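Asker: Take this structure first; my questions come after.
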Amino acid sequence: MNERNLLLGPIYAATGRATTPLSTSQKDAWECYFKACESGILTRMLVEQCPQCRTSERTLVAQTDRYGDRFDTVLCDGCGLIYTANPFDVESTGRFYRDYYRSLYSKEGSRLQAVERMFAVNREKAAASLRMLTYLGLRKGEDLILDIGGGAGWFLHPLMEQGYAVHGADYDAELIEIARSYGIAFTDIGDVGFAGLKDLKPKLIVLREVLEHTLDPFQQLADVNALLPMGGYLYLTVPPLDELPYGYGDGRLIGLLQNAHNFLFDTKVLQSYLHQAGFSIIACRRNLRILVQKTAVPRRSPCLIPGNAARNLALLKRCETRTQYIWRGLSKFMRVLKIPKQDQYYIKALLLRIVSSTARREHKLFLETGV
Ligand SMILES: [Zn+2]
């Protein structure tokens, strides 16, 4: 392993200080988590090579996340993938999600409040999801939609109400119980893993904000491939590196770093992973909302992406020294004006379409496909 130290700025050093505001319940949860790390209840392992291209040369860009948790974020010199060099080991990963994760990341004191908010957010976005199902020609009541990591069924519920056949899967027993109370069929994959889903034969699998949590993205995509028939679809979303200069995470890397995420994908690396896992792209937006189709069986083939590491490093530096100030200034301005959060999102999206031709083109794609 050959690691170059190139921290992006003072806030990326391991100072133990949070750079994001926390609610009272979150402060208590983080204190409890840090104690678990100190006492060895949660332990990390060292990843020596890039999980995608197997290159061991890399650049250290951060030693902390936005909550002040200390772990190393590196950029692979061979393909440009940004990954955690010391993620939780397998046993601690299970323990982390079971005992710590939800209370660290939910601002709401009560679980039920957080669930209600997720249902409300997804109800607002249901029109786009329904447009995607129409675009794919899914038949109501016949073609099954399977949402893996589906929480309490907030994405599936509006689709079920419109007559689509749906099934969810998650690791969280409490959320699964809520989903079932809404009449949504759910499998607890904490007990059975992906193997418990193999008889479902879905036409579309939904994998939203899940892939960045795994230890091996290729294997997870290959497991998803195995659940689909040839020609079946996957709708995938992950946090997008390429949107950082356009205001995502308030325009700087620290806004995207958190201990539950082991990867930050850019379009090229993610497309390489999808290709290796046997998928062909139907629609791919810069914000990494992606629709793909199964066209082959998976074959792991580590792939160098020339120039991508230099491009991603330049992007991170540009955000750090320039563009973050525009987006953080705008956010502060809207907060002062007390503009509601949802409206802030629409204002930013509108501004983006004014300044970026890619954003305009992709908005048209969104209106056409729902992706
Ligand atoms: Zn790599």
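The values are calculated or read from the model by the stated rules, or taken from the named source; none is laboratory data. Here the structure is a predicted model, which means the values were calculated and not measured. Here the Cβ is made from the backbone with ideal geometry for all residues, glycine too, and neighbour counts use every protein chain on show.
Asker: Could you say whether any residue in the range 88-106 is surrounded by fewer than 16 Cβ atoms within 10 Å (Cβ to Cβ) and under 25 Å from residue 267 (Cα atoms)?
Answerer: no
Asker: How many residues, within the range 327-371, are within 26 Å of residue 81 (Cα to Cα) and crowded, with 16+ Cβ neighbours inside 10 Å?
Answerer: Count: 5.
Asker: I've got another one for you. I'd like to know if the range 282-295 contains one or more residues that are under 22 Å from the mean Cα position of the chain (by Cα), more than 15 Å from the ligand (Cβ to nearest atom) and among the small types (Gly, Ala, Ser).
Answerer: Yes, some residue in the range 282-295 is under 22 Å from the mean Cα position of the chain (by Cα), more than 15 Å from the ligand (Cβ to nearest atom) and among the small types (Gly, Ala, Ser).
Asker: Which condition from (1) surrounded by fewer than 22 Cβ atoms within 10 Å (Cβ to Cβ); (2) over 29 Å from residue 17 (Cβ atoms) is the one that residue 273 breaks?
Answerer: (1)
Asker: Residue by residue through the range 49-72, note down the ones that are closer than 26 Å to residue 28 by Cβ and either among the basic types (Lys, Arg) or within 14 Å of the ligand (Cβ to nearest atom) (or both).
Answerer: Across the range 49-72, the qualifying residues are 66, 70.
Asker: While we're on this one: I'd like to check something: does the range 63-81 contain any residue that is surrounded by fewer than 15 Cβ atoms within 10 Å (Cβ to Cβ) and either within 18 Å of the chain's Cα centre (by Cα) or among the β-branched types (Val, Ile, Thr) (or both)?
Answerer: no
Asker: Further question: Can you spot a residue in the range 225-239 that is modelled with pLDDT under 95 and assigned to a helix (DSSP H, G or I)?
Answerer: no
Asker: Need at least 1 residues that are among the hydrophobic types (A, V, I, L, M, F, W, C), without any contact (Cβ under 8 Å) to a residue 40 or more places away in the chain and under 20 Å from residue 292 (Cα atoms) per element, so show me which strands (runs of 3 or more DSSP E) inside the range 127-215 make the cut, counting only ones lying wholly within it.
Answerer: Filter on the range 127-215 gives 165-170.
Asker: Something else about it: Kindly provide the set of residues from the range 245-279 that are part of a helix (DSSP H, G or I) and under 26 Å from residue 103 (Cα atoms), ordered by number.
Answerer: Going through the range 245-279, the residues part of a helix (DSSP H, G or I) turn out to be 245-246, 248-251, 253-256, 267-276.
Result: 248, 249, 250, 251, 253, 254, 255, 256.
Asker: When you check residue 313 against the structure, is it in contact (Cβ under 8 Å) with a residue 12 or more places away in the chain, within 16 Å of the ligand (Cβ to nearest atom) and within 21 Å of the chain's Cα centre (by Cα), yes or no?
Answerer: Yes.
Asker: Collect the residues in the range 297-310 that are in a loop (DSSP other than H, G, I, E, B), away from the ligand (no atom under 11 Å from the Cβ) and out of contact with any Phe, Trp or Tyr (no Cβ under 6 Å at 6 or more places or on another chain), keeping them in residue-number order.
Answerer: Listed by number, the residues that qualify are 297, 298, 299, 301, 306, 307.
Asker: In the range 38-48, which residue that is surrounded by fewer than 18 Cβ atoms within 10 Å (Cβ to Cβ) and among the hydrophobic types (A, V, I, L, M, F, W, C) is nearest to the ligand (Cβ to nearest atom)?
Answerer: Residue satisfying both the conditions and the ranking: 46.
Asker: Please go through the range 309-325 and give me each residue that is of a type in the set (A, V, I, L, M, F, W, C) and surrounded by 15 or more Cβ atoms within 10 Å (Cβ to Cβ), ordered by number. Reasoning before the result, please.
Answerer: Taking the range 309-325 as the starting set, the residues that turn out to be of a type in the set (A, V, I, L, M, F, W, C) are 309-310, 313-316, 319.
309, 313, 315, 316, 319, listed by residue number.
Asker: Also, quick follow-up: Restricting the search to the range 47-75, which residues are part of a loop (DSSP other than H, G, I, E, B), over 15 Å from residue 264 (Cβ atoms) and acidic (Asp, Glu)?
Answerer: Residues satisfying the conditions are 48, 69.
Yes/no per residue for (1) more than 16 Å from the ligand (Cβ to nearest atom); (2) modelled with pLDDT under 95; (3) β-branched (Val, Ile, Thr); (4) under 29 Å from residue 13 (Cβ atoms):
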position: 77; (1), (2), (3), (4): no, no, no, yes
position: 85; (1), (2), (3), (4): no, no, no, yes
position: 89; (1), (2), (3), (4): yes, no, no, yes
position: 97; (1), (2), (3), (4): yes, yes, no, yes
position: 111; (1), (2), (3), (4): yes, yes, no, no
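Asker: Something else now. Consider residue 215 against the criteria (1) more than 27 Å from residue 125 (Cα to Cα); (2) surrounded by 19 or more Cβ atoms within 10 Å (Cβ to Cβ); (3) of a type in the set (A, V, I, L, M): it satisfies all of them except one. Which criterion is unmet?
Answerer: Exception for residue 215: condition (2).
Asker: To continue, here is another question. Before we move on, is residue 330 assigned to a helix (DSSP H, G or I) and either within 16 Å of the ligand (Cβ to nearest atom) or in contact with a Gly (Cβ under 9 Å, 6 or more places away or on another chain) (or both)?
Answerer: Yes; evaluated as a whole, the condition is true for this residue.
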